[in-house]
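Worksheet: the structure to be examined is printed underneath.
The values are calculated or read from the model by the stated rules, or taken from the named source; none is laboratory data. Predicted, not measured: the structure shown is a model, and the values here were computed from it. Glycine also receives a Cβ, built like all others from the backbone with ideal geometry; neighbour counts cover every protein chain displayed.
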Amino acid sequence: MRILGLTGGIAAGKSVVGRRLAELGAVHVDADAIAREVVEPGTPGLDAIRSRFGDGVIAPDGSLDRAALGAIVFSDADARGDLNRITHPAVWRRSRELFAEVGAADPEAIVVYDVPLLAEGTRRDEFSRIIVVHADREVRIRRLIELRGMSPEEARRRIDAQASDAERLAIADDVIDANGTLGETLRQVDELWDRLRES
């Protein structure tokens, strides 16, 4: 089994690349989905978040109010660090459980671990290759405004809260340039998959 790290800045197109790799035969493990799982009501993760950030980040139904938490952590680096210290270990434990299940079922599997914060220090040495999906800052700002309804200021804040493009590109074994059309991006993914299958 090979585990590939897939990363990219917000709105770069990482999810598109992850879906395509799954269509082509990779086992797709999504760190964002796991991050939601480990803070569901009744989990130690949600309890720790409530303890650190207060009841204001808990929705009336007892679930995490992501918008309220986001408003705090995307404007306060210390708060963001505290949140990461709560969630990252839990996400990694659950991810490793999933990797083990995949490996037991298919020792030849290619696993694509879709993780936004890989360049920020998430165990890079655990992966046989790292794929970075790259789109220029202004392209990503435009996408966040047009596709997610963010203000330009919020879009810039979200981008600035992540690693820089240079930091992500520095860890890349493979780069998908997602500045162009969807078709151009998918063609690069298909070519990468062919190389991965041959190696």
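See the values below:
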| read-out | value |
| --- | --- |
| Flag if residue 151 is at negative phi and in contact with a strand residue (DSSP E or B) (Cβ under 8 Å, 6 or more places away or on another chain) | no |
| Pairs where the first residue, in the range 1-19, is at positive phi and the second is among the polar types (S, T, N, Q), C-beta under 8 Å, 6+ apart | 13/185 |
| Some residue of the range 135-148 being free of Cβ contacts under 8 Å to residues at least 12 places away in the same chain, surrounded by 15 or more Cβ atoms within 10 Å (Cβ to Cβ) and basic (Lys, Arg) | yes |
| Residue list for the range 60-76, filter: out of contact with any Lys or Arg (no Cβ under 6 Å at 6 or more places or on another chain) and touching a residue at least 40 places away in the same chain (Cβ under 8 Å) | 75 |
| Long-range neighbours under 9 Å by Cβ, at least six apart or interchain, first residue among the hydroxyl-bearing types (Ser, Thr, Tyr) and surrounded by fewer than 20 Cβ atoms within 10 Å (Cβ to Cβ) within the range 107-129, second modelled with pLDDT of 85 or more and in a loop (DSSP other than H, G, I, E, B) | 128/173 |
| Residues that are more than 27 Å from residue 160 (Cα to Cα) and either of a type in the set (S, T, N, Q) or out of contact with any helix residue (DSSP H, G or I) (no Cβ under 7 Å at 6 or more places or on another chain) (or both), drawn from the range 1-48 | 2, 22, 23, 25, 26, 41, 42, 43, 44, 47 |
| Any hit, the range 63-70, residues being under 22 Å from residue 119 (Cα atoms) and either hydrophobic (A, V, I, L, M, F, W, C) or at pLDDT below 95 (or both) | yes |
| Helices (runs of 4 or more DSSP H) contained in the range 99-199 and holding at least 2 residues more than 18 Å from the chain's Cα centre (by Cα) and more than 21 Å from residue 3 (Cβ to Cβ) | 137-148, 152-160, 182-198 |
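A quick yes/no check of all residues on (1) modelled with pLDDT of 95 or more; (2) polar (S, T, N, Q):
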| site | (1), (2) |
| --- | --- |
| 88 | no, no |
| 106 | yes, no |
| 112 | yes, no |
| 116 | no, no |
| 126 | no, no |
| 142 | yes, no |
| 152 | yes, no |
| 164 | no, yes |
| 194 | yes, no |
